[in-house]
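What follows is one structure encoded as structure tokens, with my remarks underneath.
The values are calculated or read from the model by the stated rules, or taken from the named source; none is laboratory data. Everything numeric here is computed off the predicted structure, so don't read it as measured data. Here the Cβ positions follow ideal geometry from the backbone for every residue, glycine too, while neighbour counts run over all protein chains shown. Heavy atoms of the whole protein, side chains included, go into the accessibility calculation; ligands, DNA and RNA do not. Shrake-Rupley method; radii C 1.70, N 1.55, O 1.52, S 1.80 Å.
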Amino acid sequence: MVRAYRPPDFQSALTIMRENRAIPLAGGTDLMVSRRRWSGLSPFFAKPVLFIGHLEEIKRVEIDITNIKIGSACSLASLLEHREIPEVLKIVISQMATPAIRNIGTLGGNICNASPAGDALPVLYAMDASVVLQRKAEIRTLPIEKFITGPGETVLKDDELLTSIIIPKKSYNVGFYRKVGTRQANSLSKLSFQGLARIEEGKISDIRISFGAVAMTVIRSREIEEILIEKSGKEIEKLIPEVSSLYSAVIKPIDDQRSNIRYRKTISLKLLRYFLRTVLISKIG
Amino acid sequence: MKINFILNGKNVWVETDPLKRLLDVLREDFGLTGVKEGCGEGECGTCTVLIHGKIAYSCIIPVGAADHAEIMTIEGYRKTERYKALQDAFAEAGSVQCGFCTPGFVLAAESLLREDARPGETAIREAISGNLCRCTGYNMIVEGIKIASLKGKGLW
Ligand SMILES: Cc1cc2nc3c(=O)[nH]c(=O)nc-3n(C[C@H](O)[C@H](O)[C@H](O)COP(=O)(O)OP(=O)(O)OC[C@H]3O[C@@H](n4cnc5c(N)ncnc54)[C@H](O)[C@@H]3O)c2cc1C
Ligand code: FES
Ligand code: FES
């Protein structure tokens, strides 16, 4: 049996996917650990593996007037070095794993892994990112929240590859990210909070709030965000209890032993209030 | 699968299972035992190598993914002037006790100094955040890297 393919280009990779339903391996930093056997043995894969980490077509960053398009196989480290990548995304990536993992691990791998603790996800949800999926006969684009359906679950078909991530260009003048984990480096985060906003003339003109690793998938509620639009500092102060209890109702923490349910929820809501009161209101002045 | 790469400056190839860990290929097929296995899952940095000048963990890289890569292990790095500077500095600062972690830290230091010849404390700690040491408590290693960057002036 053929155990692995190393296609010369992206089109050949799609052909191999169609004919073999292979497992794509970009950086392998997730796969090599989850499929690991004891020392000295190659990891175990039930299906052939398709190396995609070297394919130039999916390692590019392209910019146009409205969007930033990031190739799925761009390493996390390469994005930190890229001038056009939004600062809010860089802040998140710089806190992921360690330098050696970031040199190899890819953005596409983090998304396709669909871990509730995937650190790149909350900021991508907040920025309204979409994913471009391609197979031999079809290309489709989906919002990231439609792509990820549960822990480790996506709508990716078995002959399909994620080719790029599209982020609409927007300018935020408030950004706040906190990751609460057991150890600074390398810890898969216990929970994370992402807040982004644009303040214009003393009022909020745009706001996005997302919570990572507290539920089956990232939590973001456009309905609750809507309540805060066009509000001044004073109005937000008054709305904090209401907004906080609305989020409390949508946050349904998963208990996977890394941290108990109540702790996750309490910290998440504390971060929310800190963001609204201390970060946002003080910025509005 | 036949895999070609540049190893410590030489063109080499190996005919092997492409899913074999780069760590095992380096140790078994090339006899490079400076690359060590600690955790085997990307947490400790004892298996660190340089790929295109940047640190990577060879325990979680399948060799097939390293086709055409430029790989440097401590055995290759040992022949450089920069290594000498780091070696002296590590000796001066007492950065080495049992030595098991040392090749990884030396390569992490190289990867840092190549980008930033005069790194501050924070940058040094960030650069070695993926390497564990059970003996020294890190301060002596940070010190060693600082000394290397001062005394090895002009090398990076
Ligand atoms: C020690 C350590 C620390 C870590 N710390 C963190 C952390 O702090 N935060 C965090 O979020 N993650 C962390 N991770 C997890 C991991 O490094 C990241 O999720 C990384 O971004 C995965 O990228 P990759 O390219 O290595 O994925 P791979 O292992 O190559 O792939 C992951 C999954 O995605 C699929 N896939 C990859 N690319 C594509 C594609 N283009 N199309 C379709 N499917 C694809 C693969 O088939 C696989 O199922 C850590 C891992 C380790 C080992
Ligand atoms: S052995 Fe590779 S990081 Fe520990
Ligand atoms: S010197 Fe012993 S582990 Fe670092």
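The table for this structure:
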read-out: Helical contribution to [θ] at 222 nm, DSSP H n ≥ 4, -39,500 (n - 2.57), averaged over chain A, rounded to 500; value: -8500 deg cm²/dmol
read-out: Under the Debye formula (equal points on every Cα, no solvent term), log10 I(q)/I(0) of the range B:81-151 at q = 0.25 Å⁻¹; value: -1.16
read-out: Highest-fluctuation residue, B:Thr48, B:Thr16, B:Thr73 considered, GNM on chain B with Cα pairs under 10 Å; value: B:Thr16
read-out: Space enclosed by the convex hull of the alpha-carbon atoms of the range B:2-73, per residue, Å³; value: 71
read-out: In the range A:32-64, trypsin sites (Lys or Arg not before Pro) in a DSSP loop with at most 15 other beta-carbon atoms within 10 Å; value: A:Arg37, A:Arg60
read-out: Gained length - A:Thr266 relative to A:Arg83, 0.36 nm times residue gap less alpha-carbon distance; value: 62.2 nm
read-out: Rg/Rg_ref, the protein assembly as shown, where Rg_ref = 2.2 N^0.38 Å and atoms are Cα; value: 1.04
read-out: D (Stokes-Einstein, µm²/s), Kirkwood Cα radius, the range A:4-168, 0.890 mPa s at 25 °C; value: 152
read-out: Chain A, accessible area per residue, ligands and nucleic acids excluded (1.4 Å, Å²); value: 45
read-out: C-alpha long axis of helix B:81-93 to longest principal axis of chain B, angle in °; value: 50
read-out: Dimensionless Rg over Rh [the range A:174-284; C-alpha; Kirkwood]; value: 0.98
read-out: Whole-angstrom gap from the range B:124-150 to the range A:147-169, using each part's C-alpha centre; value: 39
read-out: Rounded tilt (10° steps) of B:102-115 against the dominant C-alpha axis of chain B; value: 80
read-out: Summed buried accessible area for B+A [probe radius 1.4 Å, Å², rounded to 100]; value: 2400
read-out: For chain A, built as a Gaussian network whose Cα springs stay under 10 Å, the top-fluctuating residue of A:Val155, A:Val49, A:Val33; value: A:Val33
read-out: Most fluctuating residue given options A:Met96, A:Met32, A:Met17, as computed from a GNM of chain A linking Cα atoms under 10 Å; value: A:Met32
read-out: P(r) tail fraction, the range B:20-156 - alpha-carbon pairs more than 17 Å apart, %; value: 55
read-out: Cross-link pairs A:Lys190/B:Lys20; B:Lys54/B:Lys84; A:Lys231/A:Lys283; A:Lys234/A:Lys283; A:Lys170/A:Lys238 - those with Cα-Cα distance over 21 Å; value: A:Lys190/B:Lys20; A:Lys170/A:Lys238
read-out: Heavy-atom accessible area, 1.4 Å probe, ligands and nucleic acids excluded: residues of the range B:22-68 down by at least 30 Å² from chain alone; value: B:Glu37, B:Glu41, B:Glu43, B:Lys54, B:Ile55, B:Tyr57, B:Ile60, B:Pro62, B:Ala65, B:Asp67
read-out: Sparse-neighbourhood loop sites, GluC sites (Glu not before Pro) in the range A:210-257 - DSSP loop, at most 13 other Cβ within 10 angstrom; value: A:Glu230
read-out: Centre separation in Å (Cα based) which lies between the range A:105-123 and the range B:1-80; value: 26
read-out: Spacing of the two label points (7 Å from each Cα toward its C-beta) at A:Glu62 and A:Glu237, in nm; value: 4.9
read-out: Per-pair calculated FRET efficiency, R0 = 25 Å: A:Lys252 and A:Ile23 via Cβ, rounded to 0.05; value: 0.20
read-out: Sparsely packed trypsin sites (Lys or Arg not before Pro) within the range A:106-200, loop by DSSP, other Cβ within 10 Å at most 13; value: A:Lys136, A:Lys157, A:Lys169, A:Arg183
read-out: Helix A:233-250 axis, angle to chain A major axis (alpha carbon atoms, nearest 10°); value: 50
